[in-house]
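Input: a single structure, listed below in structure tokens.
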Amino acid sequence: MLFADDSYVFCRANTREADSIMELLHLYEQASGQRVNFEKSSVFFSSNTEASVRDFLCGQLGIYEADDNITYLGLPNIMGRKKTTILGFLKDKLQKRIQGWEGRLLSRAGKEVLLKTVAQAIPNYAMSVFLLPVETSKELEGIMAKFWWRTGYSNTRNISWMSWGCMCRHKHAGRLGFRSLHDFNLSLLGKQGWQLLTNESSLIGKVFKARYYPNKTFLDASLGNNPSFVWRSVHEAHAIVRGVLEGRWEMVLRSQFYMILGYLAL
């Protein structure tokens, strides 16, 4: 699997296929005149691979084993059971960005622009693939709310005069129109579900269809046995996509799905 200048090579965790990989890489080097940088390469194993096999194959390939903190295109490569820990990089990234603003003297309007255009956009890419745990969404919103209610350069505890849920209501309702991360997360995943429904010939559509609903469509797909975290996340928006098609707009609006209706081209 190729993307830009990066490559993923898949094989079984045994000596024979590891040797085949090294032969292929050697042939590539001879044909292209390029050399593979093994120091920038890493190997991933499935969870059922024994530790002794992992160590042996890493030594045979000359490549180190990737840990849980390795990311690719800004997202974790391995999703374990502790989703809140793995997706904690979003919290750290947001915290660092906001810390750079705290030394500035900003008006309420300035804070609103920064939060809406920068801070709330940071987790968008991850939210289009993964369903963030509710705890992670609350922590991100808490960081933004703390920045909003902070006054001046004071490090003391400031009073939050309104909950984040109330602040997320539209300005027509007398609130500030901030984004509910959990609702927007479902909206972005609903967009992915819509693509699986309308474009089954795409690569991801073929993979998911073969794995989870070979004789059905996305609307009729079940969660299945031992689902991946990505499929589990997209499936959470299953009811929203169905609500759009059936015209049950009261559920769609409650999930803020109207934010991406333009993408769905309805």
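The values are calculated or read from the model by the stated rules, or taken from the named source; none is laboratory data. Values in this document were obtained by computation on a predicted structure and should not be read as measured data. Backbone-built Cβ (ideal geometry, glycine too); neighbour counts: all protein chains shown. Ligands, DNA and RNA are stripped out before the accessible areas are found, and what is left, the full protein with its side chains, is counted by its heavy atoms. Shrake-Rupley method; radii C 1.70, N 1.55, O 1.52, S 1.80 Å.
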Condition (residue is at pLDDT below 85, in a loop (DSSP other than H, G, I, E, B) and on the phi > 0 side of the Ramachandran plot) applied to the range 146-167: is it met by at least one residue? yes
For the range 195-213, give me the residue count where each residue is of a type in the set (A, V, I, L, M) and not in a helix (DSSP H, G or I). 0
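For the range 164-171, state whether one or more residues are touching a Cys at 6+ places or on another chain (Cβ under 6 Å) and either crowded, with 19+ Cβ neighbours inside 10 Å or among the hydrophobic types (A, V, I, L, M, F, W, C) (or both). Spell out the reasoning first.
To start, the set of residues in the range 164-171 that are touching a Cys at 6+ places or on another chain (Cβ under 6 Å) comprises none.
Among the residues of the range 164-171, not one is touching a Cys at 6+ places or on another chain (Cβ under 6 Å) and either crowded, with 19+ Cβ neighbours inside 10 Å or among the hydrophobic types (A, V, I, L, M, F, W, C) (or both), which makes the answer no.
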Selection over the range 189-209 where residues are touching a residue at least 12 places away in the same chain (Cβ under 8 Å) and of a type in the set (Lys, Arg) yields a count of 2
Among the residues of the range 46-70, the number that are out of contact with any helix residue (DSSP H, G or I) (no Cβ under 6 Å at 6 or more places or on another chain), of a type in the set (A, V, I, L, M, F, W, C) and either at pLDDT below 80 or part of a loop (DSSP other than H, G, I, E, B) (or both) is 2
Here are some conditions: (1) in a loop (DSSP other than H, G, I, E, B); (2) within 19 Å of PHE229 (Cα to Cα); (3) in contact (Cβ under 8 Å) with a residue 60 or more places away in the chain. LEU186 meets all but one. Which one does it not meet? (1)
Determine, yes or no, whether SER7 is open to solvent by less than 50 Å² (accessible area, probe 1.4 Å), closer than 26 Å to PHE130 by Cβ and modelled with pLDDT under 90. no
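Just checking: which of the helices (runs of 4 or more DSSP H) contained wholly in the range 225-266 hold 1 or more residues that are at pLDDT 50 or above and closer than 16 Å to SER128 by Cα? I'd like the intermediate steps shown before the answer.
Details: elements: 229-235, 238-246, 249-254, 261-264.
Qualifying helices (runs of 4 or more DSSP H): 229-235, 238-246.
With the requirement that a residue be in a helix (DSSP H, G or I) and exposed (fewer than 13 other Cβ atoms within 10 Å of the Cβ), what does the range 100-136 give you? Give the steps one after another, and end with the answer.
Taking the range 100-136 as the starting set, the residues that turn out to be in a helix (DSSP H, G or I) are 108-117, 119-121, 124-127, 134-136.
Once the filter is applied, which keeps residues that are in a helix (DSSP H, G or I) and exposed (fewer than 13 other Cβ atoms within 10 Å of the Cβ), the range 100-136 yields ARG108, ALA109, GLY110, VAL113, THR117, ALA121, VAL134, GLU135.
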Select from the range 71-99 the residues that are at pLDDT 70 or above and open to solvent by less than 50 Å² (accessible area, probe 1.4 Å) and write down the one among them that is farthest from ALA4 (Cα to Cα). ILE98
All but one of (1) in a helix (DSSP H, G or I); (2) of a type outside the set (A, V, I, L, M, F, W, C); (3) open to solvent by less than 90 Å² (accessible area, probe 1.4 Å) hold for TYR28; which doesn't? (3)
Filter the range 192-239 down to the residues that are in contact with a Ser or Thr (Cβ under 9 Å, 6 or more places away or on another chain) and basic (Lys, Arg) and list them by number. LYS209, ARG211, LYS216
